[in-house]
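Asks: I am attaching a structure below and will ask some questions about it afterwards.
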């Protein structure tokens, strides 16, 4: 139905279009992912300034017509995450977080919890930008992805063997089974150390800013578990949670 839409949104991606326009991928709390065109935004005197760039959290006004793309008619900054933009690692992490949300939640189905989680992740990256590196940055990025799995209904089973229900001797992880597996069911799994198992359980239970630490080998197994779950159950393959700069 055509009309004016007012909503909060995070800019996931901004793509040059034509001589002066941009196509925006937005994530909103009550309309999921939407596409919009910002006309004339690349002109020097555009009234939107630079606020339609990736990672901006906005209060945005859109005109919804009959086409697939809405038209941006107004935008007001809630948080521009200025510090994040001066830190290459934080910028890379923000891009990977937005890409994960855009690919896992690519429809118009509303997921307010996902919107709030993304906003919190970007705020944390902004708060921590420019600080001396402490430990492996994979931990918060993987905690974020685990919470996305939970929101998508794909959280791995961690309390018992995903194949037989055994609660002891959980030694592996199977993406096909959807969680940890015991010694008797480990044929199609990969090894999972106790530290990796504990990280996943704790990260799912705690707020994002309290993401636990873990060793690099354990975090590598966590990333593999997340990737296997997504590939088997969502048919999605994401880029690594942390890039070369991480």
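The values are calculated or read from the model by the stated rules, or taken from the named source; none is laboratory data. Because the structure is a prediction, the values reported are computed rather than measured. As a convention, Cβ positions derive from the backbone with ideal geometry for all residues, glycine included, and neighbour counts pool all protein chains shown.
Asks: Does residue 180 count as surrounded by 14 or more Cβ atoms within 10 Å (Cβ to Cβ), in contact with a helix residue (DSSP H, G or I) (Cβ under 7 Å, 6 or more places away or on another chain) and more than 19 Å from residue 219 (Cα to Cα)?
Replies: Details: surrounded by 14 or more Cβ atoms within 10 Å (Cβ to Cβ): yes; in contact with a helix residue (DSSP H, G or I) (Cβ under 7 Å, 6 or more places away or on another chain): yes; more than 19 Å from residue 219 (Cα to Cα): no.
Against the criterion (surrounded by 14 or more Cβ atoms within 10 Å (Cβ to Cβ), in contact with a helix residue (DSSP H, G or I) (Cβ under 7 Å, 6 or more places away or on another chain) and more than 19 Å from residue 219 (Cα to Cα)), residue 180 does not qualify.
Asks: Using the structure shown, decide if residue 208 is surrounded by 22 or more Cβ atoms within 10 Å (Cβ to Cβ), within 18 Å of the chain's Cα centre (by Cα) and under 29 Å from residue 119 (Cβ atoms).
Replies: Against the criterion (surrounded by 22 or more Cβ atoms within 10 Å (Cβ to Cβ), within 18 Å of the chain's Cα centre (by Cα) and under 29 Å from residue 119 (Cβ atoms)), residue 208 does not qualify.
Asks: Next up: Yes or no: residue 155 in the same structural domain as residue 211 (by TED's automatic domain parsing), touching a residue at least 24 places away in the same chain (Cβ under 8 Å), part of a loop (DSSP other than H, G, I, E, B) and under 19 Å from residue 237 (Cα atoms)?
Replies: Yes, satisfied.
Asks: So, of the residues in region 126-139 that are over 21 Å from residue 80 (Cα atoms) and surrounded by 16 or more Cβ atoms within 10 Å (Cβ to Cβ), which turns out to be modelled with the highest pLDDT?
Replies: By that ranking, first place goes to 139.
Asks: Among (1) at pLDDT 95 or above; (2) under 21 Å from the mean Cα position of the chain (by Cα); (3) within 20 Å of residue 100 (Cβ to Cβ), where does residue 157 come up short?
Replies: Here residue 157 clears every test but (3).
Asks: I've got another one for you. Name the one entry in 172, 220, 243 that is closer than 27 Å to residue 121 by Cα and touching a helix residue (DSSP H, G or I) at 6+ places or on another chain (Cβ under 6 Å).
Replies: 243
Asks: Test residue 225 against the criterion of being crowded, with 20+ Cβ neighbours inside 10 Å and part of a loop (DSSP other than H, G, I, E, B), and give yes or no.
Replies: In short, no.
Asks: Also: Does region 213-222 hold any residues that are farther than 22 Å from residue 162 by Cβ and not in a helix (DSSP H, G or I), and which are they?
Replies: Scanning region 213-222 gives 213, 215.
Asks: Name the one entry in 122, 146 that is part of a helix (DSSP H, G or I), buried (at least 17 other Cβ atoms within 10 Å of the Cβ) and out of contact with any strand residue (DSSP E or B) (no Cβ under 9 Å at 6 or more places or on another chain).
Replies: Going through 122, 146 in turn, the sole match is 146.
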